[in-house]
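Taking it in order: structure first as structure tokens, then the write-up.
Throughout, read-outs are computed from the coordinates displayed, never taken from laboratory work. Please read all numbers here as calculations on a predicted model, not as lab measurements. Methodologically, a virtual Cβ is constructed for each residue, glycine included, from the backbone with ideal geometry; neighbour enumeration extends over all protein chains shown.
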Amino acid sequence: MLVKRKAKRIPAGRRYVPEPELILQQGFGTEMPPQKVLVEIYFDQKGFTGQAALFYDFYERSQWCSPRGTPYRNWKLLAGEWIFNYEQEQKLRKRLRENMIAGLLRHSV
């Protein structure tokens, strides 16, 4: 007979529970620069959770300014373009992969 192992309980005093970041903004796209948590929520709602950190870090490095130095006014427009470009890139990669496989199959027959 197998005996179930009991999970070890960590006392509440020793357990690390990070405090959630306070949301200080309304969540409108025109509040610049946005809080990272708002960007994460936006990308999660759009179904691209993994892209949130990449988007935020990219624009944080550029200090939320265009290559000419003009400050961006709406981060949600930037996020929408980021998501669109990411989807297009994924479609292109899929087509190239399918074409490469089809070409390999044609040459092997």
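Residues in the stretch 58-74 that are among the small types (Gly, Ala, Ser) and more than 17 Å from PRO34 (Cβ to Cβ): GLY69 alone. The C-beta contact set for the stretch 80-97 (first residue of a type in the set (A, V, I, L, M), second residue in a helix (DSSP H, G or I), distance under 9 angstrom, 6+ apart or interchain) comprises ILE83/PHE43; ILE83/LYS46; ILE83/GLN51; ILE83/PHE55.
Return the residues of the stretch 75-109 that are among the β-branched types (Val, Ile, Thr), more than 27 Å from GLN35 (Cα to Cα) and surrounded by 10 or more Cβ atoms within 10 Å (Cβ to Cβ); say none if nothing qualifies. Of everything in the stretch 75-109, just one residue is among the β-branched types (Val, Ile, Thr), more than 27 Å from GLN35 (Cα to Cα) and surrounded by 10 or more Cβ atoms within 10 Å (Cβ to Cβ), namely ILE101. Being within 17 Å of LEU38 (Cα to Cα) and in contact (Cβ under 8 Å) with a residue 40 or more places away in the chain: is that true of LEU54 here? No; evaluated as a whole, the condition is false for this residue. Applying a threshold of 7 Å to beta carbon distances and a minimum spacing of six or more residues, or different chains, the list of pairs starting in the stretch 14-40 at a residue that is more than 13 Å from GLU60 (Cβ to Cβ) and free of Cβ contacts under 8 Å to residues at least 60 places away in the same chain and ending at one that is of a type in the set (Gly, Ala, Ser) and part of a loop (DSSP other than H, G, I, E, B) reads LEU38/GLY27.
Just wondering, is there one or more residues in the stretch 63-73 that are of a type in the set (Phe, Trp, Tyr), in contact (Cβ under 8 Å) with a residue 40 or more places away in the chain and in a helix (DSSP H, G or I)? For the stretch 63-73, residues of a type in the set (Phe, Trp, Tyr), in contact (Cβ under 8 Å) with a residue 40 or more places away in the chain and in a helix (DSSP H, G or I): absent. With respect to the conditions (1) surrounded by 15 or more Cβ atoms within 10 Å (Cβ to Cβ); (2) more than 18 Å from the chain's Cα centre (by Cα), VAL37 lacks only one, and its number is (2).
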